[in-house]
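Below is the structure I would like to discuss, written out as structure tokens.
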């Protein structure tokens with residue numbers, strides 16, 4: 001296998017008005033059709049939380065990622081359910097200055113600068129790194145995001161967690177692919193320009 005630099009990939013669902021979740025972390029308002037679910041389960045089974053994979057009988061080895069980085073807001077709903085490692089078997093990094101250590105070998109809570117963490121991870125051998133969110137972490141990591149895969153849902157949220165929650169920082173990306181699913185959801189692939 002040829003060696004290449006690992007990429008940081010922001011793979012996220014987003015409403016037409018730019019929100020990845022509602023004001024209280026809701027995401028159940030996204031209309032996910034069977035064809036979109038089949039596509040996600042085939043292309044990126046490792047981004048389906050482990051407890052959901054178990055519930056739907058999805059047995060698949062990771063396809064693209066071996067490492068995940070997320071903020072506390074993305075991690076906490078799993079922790080509230082008693083799930084310490086929501087994305088096993090991936091190595092999971094939770095960026096938080098307020099969350100204590102988690103007792104699971106796959107999960108590390110890091111309070112360091114997320115940009116330094118990602119640069120360190122990119123220098124290691126391995127598959128690409130999945131940026132799971134949320135919006136503040138994505139904004140902090142914008143200089144390091146190499147690719148975005150946006151699931152654009154045909155719904156307006158009105159309020160919530162923005163896809164990027166940070167300062168004004170125009171950053172160009174190039175559309176490299178698009179696919180439309182039943183009900184009008186589109187999956188848009190972008191590479192850093």
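The values are calculated or read from the model by the stated rules, or taken from the named source; none is laboratory data. Because the structure is a prediction, the values reported are computed rather than measured. Positions of Cβ are generated from backbone atoms using ideal geometry, with glycine treated the same way; all protein chains shown enter the neighbour counts.
Just for region 51-71: of the residues that are without any contact (Cβ under 8 Å) to a residue 60 or more places away in the chain and touching a helix residue (DSSP H, G or I) at 6+ places or on another chain (Cβ under 9 Å), which one is nearest to residue 115 (Cα to Cα)?
Looking only at region 51-71, we keep the residues that are without any contact (Cβ under 8 Å) to a residue 60 or more places away in the chain, and these are 51-61, 63.
Now drop any that are not touching a helix residue (DSSP H, G or I) at 6+ places or on another chain (Cβ under 9 Å), which leaves 51, 53, 56, 58-61, 63.
Values: 51: 29, 53: 30, 56: 35, 58: 33, 59: 33, 60: 30, 61: 28, 63: 25 Å.
Filtering region 51-71 for residues that are without any contact (Cβ under 8 Å) to a residue 60 or more places away in the chain and touching a helix residue (DSSP H, G or I) at 6+ places or on another chain (Cβ under 9 Å), the one nearest to residue 115 (Cα to Cα) comes out as 63.
Please specify each residue of region 40-50 satisfying the condition of being in a loop (DSSP other than H, G, I, E, B) and either in contact with a helix residue (DSSP H, G or I) (Cβ under 9 Å, 6 or more places away or on another chain) or at pLDDT below 90 (or both). Talk me through it step by step, then tell me what you get.
To start, the set of residues in region 40-50 that are in a loop (DSSP other than H, G, I, E, B) comprises 44, 48-49.
Hits for region 40-50 are 48, 49.
Shifting gears a bit: Within region 1-39, how many residues are in contact with a strand residue (DSSP E or B) (Cβ under 9 Å, 6 or more places away or on another chain), surrounded by fewer than 18 Cβ atoms within 10 Å (Cβ to Cβ) and assigned to a helix (DSSP H, G or I)?
Number of matching residues: 1.
Report yes if some residue within region 157-164 is touching a helix residue (DSSP H, G or I) at 6+ places or on another chain (Cβ under 6 Å), within 13 Å of residue 20 (Cα to Cα), modelled with pLDDT under 95 and assigned to a loop (DSSP other than H, G, I, E, B); otherwise report no.
For region 157-164, residues touching a helix residue (DSSP H, G or I) at 6+ places or on another chain (Cβ under 6 Å), within 13 Å of residue 20 (Cα to Cα), modelled with pLDDT under 95 and assigned to a loop (DSSP other than H, G, I, E, B): absent.
Please verify whether residue 112 is exposed (fewer than 13 other Cβ atoms within 10 Å of the Cβ) and out of contact with any helix residue (DSSP H, G or I) (no Cβ under 7 Å at 6 or more places or on another chain), treating the condition exactly as stated.
yes
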